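As structure tokens, the structure follows; a few thoughts come after it.
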Amino acid sequence: MPENPYATPQAQSAQSAPPLAKAPDTITRKIAVGCIVAWLSAAISLIFAIMQFANGSVGGGILFSIDVVLIGVCAYGLHRHSRIAALLLVVYCILARLILLASGNLNGMVLGVIILLVYLGAARGTFQYHRWLQQERRFPSSQRPRVSDDPLFRTRPPESTTAEAAITDVPVPPAH
């Protein structure tokens, strides 16, 4: 069946570029730990929101619901290696600790500082990841396959017709 003469012409595209190498575990581990802590924090806030709604406190339930949405969105962004999401988590955690400190409530302050340190590590990890990604795109590492490694692009050794010629074709190292 002939092709449609009115169709938009399609460019002949080569194969897509090989995927980038995997980011170092020292970087991705920080981001993964921060992401897990953020999801756990969102889950705990969700439990508190449900408890507030069950007790009839709509205002507290709405505040905890906003907390769940904000932390959940930032956790997803952190999972996607977003620097903005990581920094929002850090700023939000600092503001929450300052509000608790201003109200005179010191309950959970130690755990809050630990969570803040985890978020700071995750934020550093996202910046390190993007620096690594930029470097990897600019100068691919040796982990990626090279064209010269492909057997189709290797040069063939000279073919000898006799066994004696094959022996003489072998390069001899220079004498010292």
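With respect to the conditions (1) outside any helix (DSSP H, G or I); (2) surrounded by 15 or more Cβ atoms within 10 Å (Cβ to Cβ), LEU106 falls short on a single one, namely (2). Checking each residue in region 47-94 for being among the polar types (S, T, N, Q) and closer than 30 Å to HIS130 by Cα picks out only SER82.
Residues in region 9-39 that are in contact with a Leu (Cβ under 8 Å, 6 or more places away or on another chain) and either polar (S, T, N, Q) or modelled with pLDDT of 95 or more (or both): ILE31, GLY34, CYS35, ALA38. Quick check, is GLY34 farther than 21 Å from LEU116 by Cβ and part of a helix (DSSP H, G or I)? No. Looking only at residues in region 40-60 that are outside any loop (DSSP other than H, G, I, E, B) and at pLDDT below 90, the one that is surrounded by the fewest Cβ atoms within 10 Å (Cβ to Cβ) is GLY59. Give ILE36, ILE71, ILE27 a once-over and let me know the one that is touching a residue at least 60 places away in the same chain (Cβ under 8 Å) and within 19 Å of the chain's Cα centre (by Cα). Going through ILE36, ILE71, ILE27 in turn, the sole match is ILE27. If you filter region 128-176 down to residues that are of a type in the set (Asp, Glu) and more than 30 Å from ILE31 (Cβ to Cβ), you find that the one that is modelled with the highest pLDDT is ASP150.
The values are calculated or read from the model by the stated rules, or taken from the named source; none is laboratory data. Predicted, not measured: the structure shown is a model, and the values here were computed from it. Virtual Cβ from ideal backbone geometry, glycine too; neighbours counted across all protein chains shown.
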